[in-house]
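A.B. asks: Structure incoming, see below.
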Amino acid sequence: MDFAHSPAIGLSFKPQHFADALTNMAAVDFFEVHAENYLGAGGEPHRQLRALGEQRPLTIHGVGLSLGGHHAPDAHHLRRLRALLQRHPPQLFSEHLAWSSHGPVYVPDLLPLAYDDASFARVAVHIDVAQNALGRRLLIENPSTYLALGEPLAEAEFLSALHQHTGCGLLLDVNNVIVSCHNHGVDARAYLQHFPFHAVAQIHLAGHSRRVLADGSELCIDDHGSATSDSVLALYAEVLARTGPRPTLIEWDNDVPAWPVLAAELARVRIAATRALTQAEAA
Amino acid sequence: MNAMRSAEFIAAQLDADAPSLTGFALGANTAARFAVHRHTCRSGLINALRTAYPSVVTAVGDAYFDALAAEFIQASPPSSPVLQEYSPAFPDFVGHFPPLAEWPWLSDVARIDWARREAFHAADADALSAAHLQSWPVETLMRASLGLHPSLYTLTSSNPAWSLWHCLQSSGQSLAEDGWRAESLQVWRIENGVHMRLLRAGDVTLRRGLADGLTLVDALQAACTLDLGFEASAALATLIGDGLIVAVTHHAQ
């Protein structure tokens with residue numbers, strides 16, 4: 001079974017957990033890191049990644065290519081990414097349907113784009129440029145959005161067309177589906193009706209928080225600061241029933257808990273995945 | 001969103017005092033929704049600077065640092081998504097920040113923080129052992145150029161930057177009355193640990209000479225000329241003991 005069709009449950013790795021991860025790795029099937037945190041020349045970060053990669057598959061997640069931006073992905077950054085992917089070969093490399101750079105300025109955020117023809121033409125070219133420069137297929141992740149740009153129902157079709165046009169795979173972030181759909185007043189199941197499940201090669205799960213606005217409405221914030229919510233886990237089970245087994249990553253990037261809490265979260269997701277896949281098989 | 005709008009969007013994100021997005025037809029609660037993006041961007045950059053400059057955070061306090069960083073991120077936002085490289089320009093900004101004019105040493109403390117960051121991420125290289133180096137005839141070694149470890153950074157300060165940096169690591173410790181003098185130091189990595197050593201002027205000259213490609217004998221000579229108390233054999237032993245020599249390049253006579 002190839003990795004992209006496996007029921008592996010993985011964890012976004014944090015350096016403070018290195019010793020725990022090495023001595024208690026049974027809970028984790030694969031590790032994911034952000035590419036931009038491993039572009040230094042040497043030292044401890046690469047030593048840790050090498051040690052993890054000797055024991056488990058790695059996936060690498062980029063946050064800086066700005067594929068949705070007005071300018072083509074930065075050639076220098078692409079060269080550095082290519083070197084990283086050669087140094088620590090991952091099973092999968094993913095990026096976002098978003099932008100984060102404009103001209104000389106980068107912001108550490110994933111900004112929304114309009115899902116129109118002009119954006120499509122641009123993003124499709126940028127994905128081609130990146131896939132050629134990196135010499136591999138990219139997975140593109142559905143973003144979490146807050147503003148009335150990036151309307152979710154158009155997004156699922158936009159991603160489907162990108163997959164058809166560029167051959168890229170998709171990373172389905174189920175938490176982002178819940179967050180974006182809530183923020184735009186769209187039913188998450190309606191969103192998924194438009195989603196090309198056959199192109200999904202990886203799934204992300206994470207926690208989100210809620211903020212009450214002045215008019216009493218609630219905004220969902222994709223802050224990766226807690227356990228995956230029950231609503232996200234329920235939708236994940238429905239997704240798995242459609243996709244079949246897919247490597248699933250738990251992202252916990254803020255208020256990062258101690259290793260035992262993460263191990264328990266991995267076990268919780270594994271149980272949900274096993275149940276969903278068993279039920280789908282029986283049906 | 002067209003290109004001009006993208007630039008406006010980012011500018012409004014970086015500036016907490018700017019009004020929220022104007023001229024964007026983005027539906028109800030645009031300001032509150034845009035605030036999520038502004039917070040993500042600003043807290044991400046301020047946290048990047050806090051992580052890079054922990055001694056400056058200790059020196060000025062959390063609230064002051066955040067205000068200082070907020071000024072900096074607007075003046076010098078990053079151009080690269082590699083935030084561990086953001087930003088070598090901060091020490092100069094601190095040095096020229098008018099409200100900190102009374103603390104002229106702070107920018108040098110910031111440079112130590114940055115050198116430690118650089119050393120942490122520098123390329124790996126195996127040090128040549130004393131035994132290996134001693135296997136060369138002295139004359140041959142003297143006429144060779146020595147490659148230094150990629151993690152080595154030398155800093156010179158007209159202030160006691162090394163002592164002040166150490167005071168900031170142990171809260172409450174203050175500098176002795178007679179401790180105010182210029183200091184030079186090296187920052188480097190052994191295995192995965194970043195270390196620091198106080199240097200005399202001749203040590204700095206030796207390291208910089210070797211880094212510039214001088215032969216060992218020429219670099220030692222330059223150090224002796226500049227620093228009358230410089231002891232070549234002790235300085236060389238330190239260089240070797242610190243694991244700083246990683247290559248020997250012989251030159252044709």
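What follows is calculated from the coordinates using simple rules that are stated; it is not laboratory data. In this text the structure is predicted, and so the values were computed from the model without any measurement. Cβ sites come from the backbone with ideal geometry, for glycine too, and all protein chains shown count toward neighbours.
A.B. asks: Which pairs do you get when a residue that is in contact (Cβ under 8 Å) with a residue 40 or more places away in the chain, found in segment B:85-108, comes within reach of a residue that is surrounded by fewer than 18 Cβ atoms within 10 Å (Cβ to Cβ) and aromatic (Phe, Trp, Tyr), reach meaning Cβ atoms under 6 angstrom, with the pair 6+ apart or on two chains?
C.D. replies: none
A.B. asks: Are any residues in segment A:24-64 within 27 Å of A:Ala98 (Cα to Cα), at the interface with chain B (Cβ under 7 Å from one of its Cβ atoms) and touching an Asp or Glu at 6+ places or on another chain (Cβ under 7 Å), and if so, which ones?
C.D. replies: Result: A:Val63, A:Gly64.
A.B. asks: Among the residues of segment A:70-98, count how many are closer than 23 Å to B:Leu14 by Cα and out of contact with any helix residue (DSSP H, G or I) (no Cβ under 7 Å at 6 or more places or on another chain). Give the steps one after another, and end with the answer.
C.D. replies: So in segment A:70-98, the residues closer than 23 Å to B:Leu14 by Cα come out as A:70-74, A:77, A:96-98.
Remaining after also requiring out of contact with any helix residue (DSSP H, G or I) (no Cβ under 7 Å at 6 or more places or on another chain): A:71, A:74, A:77, A:96, A:98.
Counting residues in segment A:70-98 that are closer than 23 Å to B:Leu14 by Cα and out of contact with any helix residue (DSSP H, G or I) (no Cβ under 7 Å at 6 or more places or on another chain) gives 5.
A.B. asks: Pairs under 8 Å by beta carbon, first residue without any contact (Cβ under 8 Å) to a residue 60 or more places away in the chain in segment A:246-265, partner aromatic (Phe, Trp, Tyr), six or more apart or different chains?
C.D. replies: Note: pairs meeting the criteria are A:Glu265/A:Trp252.
A.B. asks: OK, next. Run down A:Pro152, A:Pro90, A:Pro108 and say which single residue is in contact (Cβ under 8 Å) with a residue 24 or more places away in the chain, under 22 Å from A:His204 (Cα atoms), buried (at least 18 other Cβ atoms within 10 Å of the Cβ) and within 13 Å of chain B (Cβ to nearest Cβ). Can you show your working first?
C.D. replies: Numbers: A:Pro152 fails: within 13 Å of chain B (Cβ to nearest Cβ); A:Pro90 fails: within 13 Å of chain B (Cβ to nearest Cβ).
Exactly one of A:Pro152, A:Pro90, A:Pro108 is in contact (Cβ under 8 Å) with a residue 24 or more places away in the chain, under 22 Å from A:His204 (Cα atoms), buried (at least 18 other Cβ atoms within 10 Å of the Cβ) and within 13 Å of chain B (Cβ to nearest Cβ), namely A:Pro108.
A.B. asks: If I ask for residues that are of a type outside the set (A, V, I, L, M, F, W, C), touching a Gly at 6+ places or on another chain (Cβ under 9 Å) and under 25 Å from A:His102 (Cα atoms), which ones from segment B:80-111 would you list?
C.D. replies: Those that are of a type outside the set (A, V, I, L, M, F, W, C), touching a Gly at 6+ places or on another chain (Cβ under 9 Å) and under 25 Å from A:His102 (Cα atoms): B:Ser80, B:Pro81, B:Gln84, B:Glu85.
A.B. asks: For segment A:15-43, how many residues are in a loop (DSSP other than H, G, I, E, B) and buried (at least 16 other Cβ atoms within 10 Å of the Cβ)?
C.D. replies: The total comes to 7.
A.B. asks: Additional query: So, of the residues in segment B:73-107 that are part of a helix (DSSP H, G or I) and within 14 Å of chain A (Cβ to nearest Cβ), which turns out to be surrounded by the fewest Cβ atoms within 10 Å (Cβ to Cβ)? Even if it seems obvious, please write down each step before you answer.
C.D. replies: Looking only at segment B:73-107, we keep the residues that are part of a helix (DSSP H, G or I), and these are B:73-75, B:83-85, B:90-95, B:98-100, B:106-107.
Imposing the further condition that a residue be within 14 Å of chain A (Cβ to nearest Cβ) reduces the set to B:73-75, B:83-85.
Working: B:Ile73: 24, B:Gln74: 16, B:Ala75: 10, B:Leu83: 22, B:Gln84: 18, B:Glu85: 18.
Across segment B:73-107, the extreme among qualifying residues is B:Ala75.
A.B. asks: Can you tell which of A:Gly216, A:Gly207, A:Gly225, A:Gly244 is among the small types (Gly, Ala, Ser) and loosely packed, with under 14 Cβ neighbours inside 10 Å? Don't jump to the end; show me each part of the working.
C.D. replies: Working: A:Gly207 fails: loosely packed, with under 14 Cβ neighbours inside 10 Å; A:Gly225 fails: loosely packed, with under 14 Cβ neighbours inside 10 Å; A:Gly244 fails: loosely packed, with under 14 Cβ neighbours inside 10 Å.
Sole residue among the options that is among the small types (Gly, Ala, Ser) and loosely packed, with under 14 Cβ neighbours inside 10 Å: A:Gly216.
A.B. asks: If B:Ser20 meets every condition in (1) over 19 Å from B:Ser87 (Cα atoms); (2) touching a Pro at 6+ places or on another chain (Cβ under 7 Å) apart from one, which number is that one?
C.D. replies: Tallying (1) over 19 Å from B:Ser87 (Cα atoms); (2) touching a Pro at 6+ places or on another chain (Cβ under 7 Å), B:Ser20 fails exactly one: (2).
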